[in-house]
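First up is the structure itself, then whatever we jot down about it.
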Amino acid sequence: MRTIDWKEIEKNIENGRFPQWLVTDPEIYELEKERIFGRTWQFLAHESELKEPGSFVTRMMVDDPIILVKNKNGEINAFLNSCSHRGVRLCTEDYGNKKAFSCPYHGWTYNLNGELIGVVAGNKVFGESMDKSEWGLRPVPRVESYQGMIFGNLDPDAMSLEDYLGEMKWYFDIMLGRSDGGMEVRGVPQRWVAKANWKMTSENFAADPYHVQTTHRSAVELKLTPSDPLYASYGHQVVLSNGHGINVITSATGRSNNIYQGMPESMWPMFEKNLNKEQLDIFSRVQNFVGGVFPNLSFLSSCSGTEGTKYNHLQFRVWRPLGPDQVEIWVWYMIDKALPEDYKEKSYKGFIATFGAAGTLEQDDTENWARIVEASQGLMARDRNLSYNNMLNYLMGLDNLDPDENFPGPGKAYPTCYTDHIARSMHKYWLELITKEPEVKSHE
Ligand code: FES
Ligand SMILES: [Fe+2]
């Protein structure tokens, strides 16, 4: 097999092309795990999921099982969910509340700070010399949060979460910080497994409104969305730092019919208090925000409803890779805590009907993602020599679109969402990380 020619890949990415063999190549996948997922901030939970001391959730950072738990002081700790004795998975529940974690294998017990506090038959079998403080749970090296969103990073030397999010914080403030009391997760995150590659699912949300009118044709036929082929193009595609991006989708008139995404008027003064002029301008006009935080966190803030009236909701998703051709999809439904219960319930129903595991729009996308990996695993598509011109096309807007200098938000904003600017920026950041050799750490 030919060795990887990174220079050639770089040239292709610069020119809006992505070699198809990179999609599901097993060697590339191993590098992605080490050099991309091992270094970037991974979303773990929203703080509303951990209400009381002792509240915990279990999550995955690709292959690393993680426990997140609130201690008695209200601080949130994150540990590898693996017992320090023989490595068994310590906590097998998805969520709950505990005073301590007890291992199912030999019964070692850890407190909410991860300290080993109980050893069965303790000193009798281990003698006096074993120092329990050496055998606590192993913490995730970095845990930081922004607007209630808790992230972890396996790289102790990573830049701070706030630096990593960069310009995205401004848009997070609109979606997550507009209401007093912030957002809350309703129910537990839905999750299911799909045949797909994580790069393709991430791109679909962060960078691809172009698919909407074809893939989601059924929504047009049901008269849920208009038939205008440019429907999802109106607005701006905004390229942000570090491979992040957001599409601010409005309408042909430049504003949505639903002011502030259809939120009740009683909420508006609160938005006007919590957001600045530019943020309010965008929020008052937007129909849908859809975007992503590199590598594999996506979000969609939209209006949906099954019975005429539209209700806003915000969903976050993690595309957890299970291999080069499989993802575990995690979807958190979030809603403003300050909204009346009746609105929340109707909005939740709208979400389940469209983007829940069996939602109409969800099924349209899943089918395409499966077909991408199926068609990318044969000899032609996987050929590293590119003998079959096995290249994917990211040419949209490459040299025929200038940024709109009058867009009020940060980032580089292009005056249509039907462009591949975010996708190309994701590919560039992907390449930057995957080609960066790990540092050899000395043990001095
Ligand atoms: S593996 Fe946990 S107590 Fe032995
Ligand atoms: Fe879609």
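The values are calculated or read from the model by the stated rules, or taken from the named source; none is laboratory data. Predicted model, so just to flag it, every value in this text is computed and none were measured. Here the Cβ is made from the backbone with ideal geometry for all residues, glycine too, and neighbour counts use every protein chain on show.
Points to keep in mind about this one:
- Residues of the range 373-386 classified as in a loop (DSSP other than H, G, I, E, B) and farther than 17 Å from W6 by Cα, total: 6
- Of the set (1) exposed (fewer than 14 other Cβ atoms within 10 Å of the Cβ); (2) outside any loop (DSSP other than H, G, I, E, B), all apply to N406 but (2).
- In this structure, Y95 qualifies as under 17 Å from A45 (Cα atoms), away from ligand 2 (no atom under 16 Å from the Cβ) and not assigned by TED's automatic domain parsing to the domain that holds W332.
- None of V220, V238 is in the same structural domain as P410 (by TED's automatic domain parsing), buried (at least 23 other Cβ atoms within 10 Å of the Cβ) and of a type in the set (V, I, T) except V238.
- Residues being of a type in the set (S, T, N, Q) and either buried (at least 17 other Cβ atoms within 10 Å of the Cβ) or in the same structural domain as R59 (by TED's automatic domain parsing) (or both) - total across the range 148-162: 1
- Inclusion of G54 among residues that are free of Cβ contacts under 8 Å to residues at least 40 places away in the same chain and either within 16 Å of ligand 2 (Cβ to nearest atom) or over 25 Å from V293 (Cα atoms) (or both) is not warranted.
- Neighbours by Cβ (under 6 Å, 6+ apart or cross-chain): first from the range 66-91, within 18 Å of K132 (Cβ to Cβ) and without any contact (Cβ under 8 Å) to a residue 40 or more places away in the chain; second more than 9 Å from ligand 1 (Cβ to nearest atom) and part of a strand (DSSP E or B): none
- Residue list for the range 22-68, filter: closer than 18 Å to L433 by Cα and either under 17 Å from the mean Cα position of the chain (by Cα) or small (G, A, S) (or both): E32, K33, I36, F37, G38, R39, T40, W41, Q42, M61, V62
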